[in-house]
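Structure first, then comments.
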Amino acid sequence: MVNISFKEYKAWDAPIRIFHWINFISVISLIFVALIMMYKKELGISSIEAKIALKELHVIIGYIFVINLLWRIIWGFIGSKYAQWAYIFPGKGYIKEVRSYIKSISDGNPRQYIGHNPPGRLAISIIMLLLIFISFSGLIRAGTDIYYPPFGSYITQYIASPGGDSQSLVPYNPKGTDAEKVNHLKKIKKPFGKIHKYSAYTLMLIIIIHIIAVVRTDIREGGSIITAMFTGTKLLKKKPADLEP
Ligand code: HEM
């Protein structure tokens, strides 16, 4: 009988795991609501009230997503070792690490990591960047479209007709607004909508690649990396490449 001994390593602390699953659930919910927003006509949703309600729902889930992301960004500076940005973002020595990783795979003896493997580090960095783009553009559109915080009050103050009450403005209702400024705002908000949509499409593609890569790595190299996102612990056969002496 072959005797393979596994060793347990603490990879992901509790805040990382909580972030991951809140992020996962909020992204799926945001995609679900966004799809209804995009296909509302086909779904027979035509009233302006329903259109606003859908955007409100998307934005409220969006706040959970943004707060969770902000917390993760902070945790990347103060959290445990493998939560740190220094261990995630490609920096000094990254290319060398990628080469060693690729060589270990072609030699049939893939390196194992407690944190992310080199391609995983790149994927997480791109995902984080996209999440930031999506958050910022989403918050801008939340302000311009339905006057929601944090930018909504600046928007209403800008588009209110001179001497009018900015607090009484209602989304998608021109009453009390300055037509010229509303037109100007439309031009400004358009690129943010594009950034938001295309970043969301790119994110969806990367999420699919990420899931396929994680499942493949778990099957090919072991390490129980999927279970580790629930338990925090990886079970590795080899000495991890990112274990410091
Ligand atoms: C991963 C997270 C997110 C995904 C995948 C996503 C996806 C999308 C998509 C595909 C649309 C286009 C819908 C349409 O054209 O009708 C959209 C619109 C919108 N999203 Fe998000 N979104 C996310 C996060 C957020 C966040 C965090 C906020 C703000 C708190 C937000 C606010 C908005 C707003 C206001 C719109 C309407 C803009 C428009 O009509 O073009 N989204 N979102």
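A short reminder: the numbers here are calculations on the coordinates, not readings from a lab. Every value quoted in this text rests on a predicted model; they were computed, and no experiment measured them. Glycine gets a Cβ as well: all are built from the backbone with ideal geometry, and neighbour counts include every protein chain shown.
The condition of being under 24 Å from Ile114 (Cβ atoms), touching a strand residue (DSSP E or B) at 6+ places or on another chain (Cβ under 8 Å) and surrounded by fewer than 17 Cβ atoms within 10 Å (Cβ to Cβ) holds for only one of Leu243, Leu236, that being Leu243. Taking first residues from the range 48-73 that are at negative phi and small (Gly, Ala, Ser) and partners that are part of a helix (DSSP H, G or I) and within 10 Å of the ligand (Cβ to nearest atom), the Cβ contacts under 6 Å between residues at least 6 apart in sequence or on separate chains come to Gly62/Gly138.
A quick yes/no check of all residues on (1) of a type outside the set (A, V, I, L, M); (2) assigned to a helix (DSSP H, G or I); (3) near the ligand (Cβ under 10 Å from one of its atoms):
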| residue | (1), (2), (3) |
| --- | --- |
| Pro162 | yes, no, no |
| Gln167 | yes, yes, no |
| Val170 | no, no, no |
| Lys175 | yes, no, no |
| Val182 | no, yes, no |
| Lys190 | yes, yes, yes |
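The set of residues in the range 211-228 that are in a helix (DSSP H, G or I) and buried (at least 17 other Cβ atoms within 10 Å of the Cβ) comprises Thr217, Glu221, Ile225, Ala228.
Looking across Lys92, Lys55, Lys51, Lys41, one residue alone is of a type outside the set (S, T, N, Q), within 13 Å of the ligand (Cβ to nearest atom) and part of a loop (DSSP other than H, G, I, E, B). It is Lys41.
What about Leu35, is it in a helix (DSSP H, G or I) and loosely packed, with under 14 Cβ neighbours inside 10 Å?
Yes.
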